[in-house]
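Written out below as structure tokens is the structure these notes cover.
The values are calculated or read from the model by the stated rules, or taken from the named source; none is laboratory data. Quick caveat, the model's predicted, so the values are computed rather than measured. In this analysis, Cβ positions are derived from the backbone assuming ideal geometry, glycine residues included, and neighbour counts consider all displayed protein chains. The accessibility values were calculated without ligands, DNA or RNA, using every heavy atom of the protein model including side chains. Shrake-Rupley method; radii C 1.70, N 1.55, O 1.52, S 1.80 Å.
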Amino acid sequence: MIYNRLGKTDLEVSRLGFGTMRLPTKANNADIDKTEASKMLKYAIENGVNIIDTAYPYHSEDLDGNGESEKFLGEFLTENTLRDEIILQTKSPSWAIEEKGDFERYLTEQLEKLQTDHIDIYLLHSLTVPDWEKVKNLDVLDFLDDVLSDGRVKHVGFSSHIEVDYFIEILDEYPKWEVAMTQMNYLDEYYQSGIMGLDYLKDIGVGSMIMEPLRGGRLVQNIPQEIQNLWNQAESKRTPVEWALQYLWNRNDVDCVFSGMTSLEQVRQNIEIASKIDTISDNDQELIREVARTYRTYLGNRCTRCGYCMPCPHGVDIINCFTEYNIAHMMDNPKASAMQYFSLIDEDARADCCVDCGECIPFCTQMINIPEELEKVYEYFGDEFDHF
Ligand code: SF4
Ligand code: SF4
């Protein structure tokens, strides 16, 4: 295993982190196959993975409920006396916070579920701009100061899927951030905070953690023949998983990549890849860009996310509605995009809130009939998340 210093912290983290949102399950998403999941975690820790990520809602039956992942992890670490061997990271459900006391209530519950007296890294989970404003007004920064002082939390940060300007704004508002977790893979260089966000993290010494390195598995499953033909032209042959992971580990602004692993075979495979230095040549880097360009030709509409149509007077988040719709087409994965669509876009900003007033149409740089396309987005995703 190869280790990196996490930003300016004193932590040396394995460059592969274990994400526990896609553990093997039995009857439903909340029914973790504990025997299999324990084998996977044991193997990972024995083979050098030293950081495990979970979150309050992981492995709940709905998107933001009280999940089983933390509870399972707490049991696993206690039964195997492994708590002190790993860096434990979990997250405060920022969307669910309604009053000041909720920060404390969730942390207390999480410490109990995880059977520990401290969290090594505590992130505000999936911060959106409105949630950031809300938690700031509820004095989240005082709460973070307090939990750092009393030792229940060792390092604080946040995870987010927001655009780079907001991302930087949040980073600049609190000098004690030590970690930020963002979505990144070779398709997402200019999506959400992307490479500009990573660049900024490196500049200010905040540790960078990556989620969705395989885009929910789509970069490695059902590879279109056209994409495979491109990979076949590479100077060095790699599997799709190797391309996705080594692309990230060839960057000097990535400290840790979390993979949400589902089987022991995946754990073995990822650890093997993480343990080997594999420098990607300039030609192969260009090939990765070509693969990304080709994936983009599978988009649902031509939206370039330029933002000229915004703001919609009726509050529709046109850009992100189209982004999730396009990604779903590009990756042929409605479930993953629906999860993002329903969790990242507020209910009153989704495609069905378009009233067909047509005010945005003249502003579209790509001549898209926006209300018509939003209708397609609505037909595609529906009213609620029901893709489990
Ligand atoms: S047509 Fe729909 S998206 Fe466009 S401005 Fe009107 S309500 Fe907003
Ligand atoms: S103006 Fe058109 S291309 Fe630009 S973000 Fe809006 S819909 Fe997309």
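Quick look at the numbers
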quantity	calculated
Filter result for Val316 (more than 15 Å from ligand 2 (Cβ to nearest atom) and either assigned by TED's automatic domain parsing to the domain that holds Ile227 or of a type in the set (Val, Ile, Thr) (or both))	no
Residue check for Met367: farther than 20 Å from Pro130 by Cβ and surrounded by 18 or more Cβ atoms within 10 Å (Cβ to Cβ)	no
Residue among Pro311, Pro240 that alone is within 16 Å of ligand 2 (Cβ to nearest atom) and of a type outside the set (Phe, Trp, Tyr)	Pro311
Of residues in the range 342-379 being within 16 Å of ligand 2 (Cβ to nearest atom) and hydroxyl-bearing (Ser, Thr, Tyr), the one modelled with the lowest pLDDT	Thr365
Residue list for the range 1-58, filter: of a type in the set (Asp, Glu) and open to solvent by 10 Å² or more (accessible area, probe 1.4 Å)	Asp10, Glu12, Asp31, Asp33, Glu36, Glu46
Wholly within the range 281-388, helices (runs of 4 or more DSSP H) carrying at least 3 residues that are touching a residue at least 12 places away in the same chain (Cβ under 8 Å) and within 15 Å of ligand 1 (Cβ to nearest atom)	318-331, 370-381
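Table: residues versus (1) over 18 Å from the mean Cα position of the chain (by Cα); (2) buried (at least 18 other Cβ atoms within 10 Å of the Cβ).
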| position | (1), (2) |
| --- | --- |
| Phe322 | yes, yes |
| Met331 | no, yes |
| Ile345 | no, yes |
| Ala351 | yes, yes |
| Glu359 | yes, no |
| Lys376 | yes, no |
| Glu379 | yes, no |
